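First, the structure itself, so that you have it in front of you.
Since every read-out is calculated from the coordinates, none of them should be taken as a lab result. No experiment lies behind these values; they were computed from the predicted model shown. With ideal geometry, Cβ positions are generated from the backbone for all residues, glycine too; neighbour counts draw on all protein chains shown.
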């Protein structure tokens, strides 16, 4: 079923990509890694569009909005995620990034004039409380090791990344409403994103040589092909067809996938506080999205409306 396929692709790929990013940290400058990730993705997408004779022509104003989408979704937010991953575990990065569901609702109200329900406000509070619980043990451990500031910095970086991604979702919905396809906007969006990262890297004086080790190379390919082309294609297809708020259903589950992977490979410990916190994050996201809407969402999928 196409609907379930888009949904599962988003959850499973993004749930795993947070851990894959750890293979990029400390090897090459973060801006350079983001540059090569989206350069590779843009080349693949543009070649695919040419081979399949897909429409690539856009007006100047559309290019401007696609460039903004590229900055928010394929540039600024990811360099913040890479920076944040250097301070906190990949599972915690995913949990903090799940606030994207909350940002989508409020940005929808701010830019699209959509009303905010009381349940949304309650869900936001519950979700943020859950994140506080999840990070509670991290702060305790950090205090013992005198590196509390690192956890705070990591958390703030990822929260800023989530907000940037939310703005990118709003722009993507606008672009699709103008008749621009997901593949078309992602092809140019990743291109604009990598060009911005190129300028940023040059400004920093970063070394653009990459380390041709197996872990770094495979992680780069995985993040470009699966984490960018496939996952973003699936997610933004949902954004364009059902809206950014409903597409954010994926935010409910991918942090759990990321935490399970972090448990196996990074030694994340499921303390009672962390368990309660994750539960609150899930409940908060469900409240933000709306239980009835979730039921209707899956009903729509079963009926093949997407």
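Would you mind ranking 194, 75 so that the residue whose beta carbon has the fewest other beta carbons within 10 Å leads the list? Mind showing how you got there, number by number?
On the way: 194 24, 75 27.
Ordered from fewest to most neighbouring Cβ atoms within 10 Å, 194, 75 come out as 194, 75.
A follow-up question, please. Can you classify the range 107-223 as rounded, prolate or oblate using the Cα gyration tensor, where a ≥ b ≥ c are the square roots of its eigenvalues, rounded means a/c under 1.5, and otherwise it's prolate if a/b beats b/c and oblate if not? Don't skip to the end; give the middle numbers.
Working: a/c = 2.33, a/b = 1.03, b/c = 2.26.
Oblate, because a/c is 1.5 or more while a/b does not exceed b/c.
Among rounded, prolate and oblate, which fits the chain when a ≥ b ≥ c are the square roots of the eigenvalues of its C-alpha gyration tensor, a/c under 1.5 means rounded, and a/b larger than b/c means prolate? Kindly include the intermediate steps, with their values, before the conclusion.
Numbers: a/c = 1.67, a/b = 1.08, b/c = 1.54.
It is oblate, given that a/c is not under 1.5 and a/b is not larger than b/c.
Using the number of other C-beta atoms within 10 angstrom as an exposure proxy, rank 202, 157 with the fewest first. Could you put the intermediate results ahead of the total?
Numbers: 202 12, 157 22.
The order, fewest Cβ neighbours first, is 202, 157.
Follow-up question, since we're still on this one. Sort 42-52, 121-131 for me by packing, meaning the mean count of neighbouring Cβ atoms within 10 Å per residue, highest on top.
Top of the packing list down: 121-131, 42-52.
Relative contact order, percent, of the range 2-302 when contacts are C-alpha pairs under 8 Å separated by at least 6 residues?
Details: 453 pairs, mean separation 121.9, N = 301.
Here the relative contact order equals 41 percent.
If R₀ is 41 angstrom, what is the calculated FRET efficiency for the pair residue 113 and residue 54, using the beta carbon separation as r and rounding to 0.05?
Working from the Cβ atoms, E equals 0.80.
Tell me, 214, 58, 197 in order of fewest to most beta-carbon neighbours within 10 Å? Let's see the in-between values first.
On the way: 214 8, 58 18, 197 28.
Lowest count first: 214, 58, 197.
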